[in-house]
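I have placed the structure first, in the form of structure tokens, so that the comments after it can refer back to it.
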Amino acid sequence: MNNMEAFVLGLVQGLTEFLPVSSSGHLEIGKFLFGNLEESLNYTVAVHGATVLSIIVVFWKDIVALFQGLFAFQINKDTIYILKILLSAIPVGILGMLFKDDVEALFNGRIHFVGAMLIVTGILLFATTLVPVGKRKISWLDSLIIGIAQAAAVLPGISRSGATIVTGLLLGNDRTETTRFSFLMVLLPVIGANFIEIYSGDFSSKNPVGTLPLVIGFITAFISGLFACKWMLSIVRKGKLFYFAIYCVVVGLGALLFFH
């Protein structure tokens, strides 16, 4: 992986992690266009760490408030919110433990599958235009259902932010609250997955990415993720997911028709 490839893939990761267009699907397409780049554990951990950092920066005040409530050691709204986030992480945790190899098998240059799943993402985003704006707060059951949607988004081409936000909106939850929950709930699975990769992975010659491409990828993913995270908050508030529905369908059809 050279510096330009590291920059482009870092940009794709940062933007598509938060915009509802599937980071995994776009990274698969990007790797395909670059000639099926060899997987690098170093690079994967770096760019995912960068997007986690961008969430922490954007929601810093929220995260601090939640932990202050948690360490009050009493049942309060912050403790309940954290427990709901933990509940939402159970489905993807079970999927990761029991079906890890099956999921990874889908990330082998199957561009047509990615294209089909991008079209599914587009249809889900379009569905939000057909329901009235909700005002509900996220319930325990909502947390579990949104967590199931997050688990389904391990499929390349299914947007994690798109699936979780759309699910929350279709359940009748408030737009701003749903987006906030969607971004905060991803912290636990991504950090957990990175720790597992670090613990079990090989960071030696099997991951031939130099220091400079790693730094470029990390900085690019962080800055673009910061921008995309803030932009996504504004997009959902204004109810403009329809444009991303069109984008996902167009890219999905392109993957089906032109990538062989």
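Worth a mention:
- The set of residues in segment 127-159 being of a type outside the set (A, V, I, L, M, F, W, C), under 17 Å from the mean Cα position of the chain (by Cα) and outside any helix (DSSP H, G or I) consists of 156, 157, 159.
- Meets criteria (surrounded by fewer than 17 Cβ atoms within 10 Å (Cβ to Cβ) and either touching a residue at least 12 places away in the same chain (Cβ under 8 Å) or of a type in the set (D, E, K, R) (or both)) for residue 76: no
- Beta carbons closer than 7 Å, at least 6 apart along the sequence or on distinct chains, pair a first residue in segment 93-115 that is modelled with pLDDT under 80 with a second that is surrounded by fewer than 12 Cβ atoms within 10 Å (Cβ to Cβ) for 109/36.
- Total residues in segment 23-72, condition within 21 Å of the chain's Cα centre (by Cα), modelled with pLDDT of 80 or more and among the aromatic types (Phe, Trp, Tyr): 2
- Condition broken by residue 156, with the remaining ones in (1) touching a Ser or Thr at 6+ places or on another chain (Cβ under 6 Å); (2) at pLDDT 90 or above; (3) not hydroxyl-bearing (Ser, Thr, Tyr) satisfied: (2)
- In segment 1-16, the qualifying residues are those that are over 25 Å from residue 124 (Cα atoms) and surrounded by fewer than 24 Cβ atoms within 10 Å (Cβ to Cβ), and the one that is modelled with the lowest pLDDT is 1.
- Sole residue being out of contact with any Lys or Arg (no Cβ under 9 Å at 6 or more places or on another chain), closer than 29 Å to residue 242 by Cβ, surrounded by fewer than 16 Cβ atoms within 10 Å (Cβ to Cβ) and not β-branched (Val, Ile, Thr), chosen from 19, 33: 33
- Residue in segment 17-34 that is under 24 Å from residue 119 (Cα atoms), in a helix (DSSP H, G or I) and among the basic types (Lys, Arg) present: yes
- Checklist (1) in contact (Cβ under 8 Å) with a residue 24 or more places away in the chain; (2) out of contact with any Phe, Trp or Tyr (no Cβ under 8 Å at 6 or more places or on another chain) applied to residue 30, failing item: (1)
- Residues of segment 172-198 that turn out to be outside any helix (DSSP H, G or I) and either out of contact with any Ser or Thr (no Cβ under 9 Å at 6 or more places or on another chain) or within 21 Å of residue 94 (Cβ to Cβ) (or both), as a count: 3
The values are calculated or read from the model by the stated rules, or taken from the named source; none is laboratory data. Bear in mind that the values here come from a model prediction, so they are computed numbers and not experimental data. Positions of Cβ are generated from backbone atoms using ideal geometry, with glycine treated the same way; all protein chains shown enter the neighbour counts.
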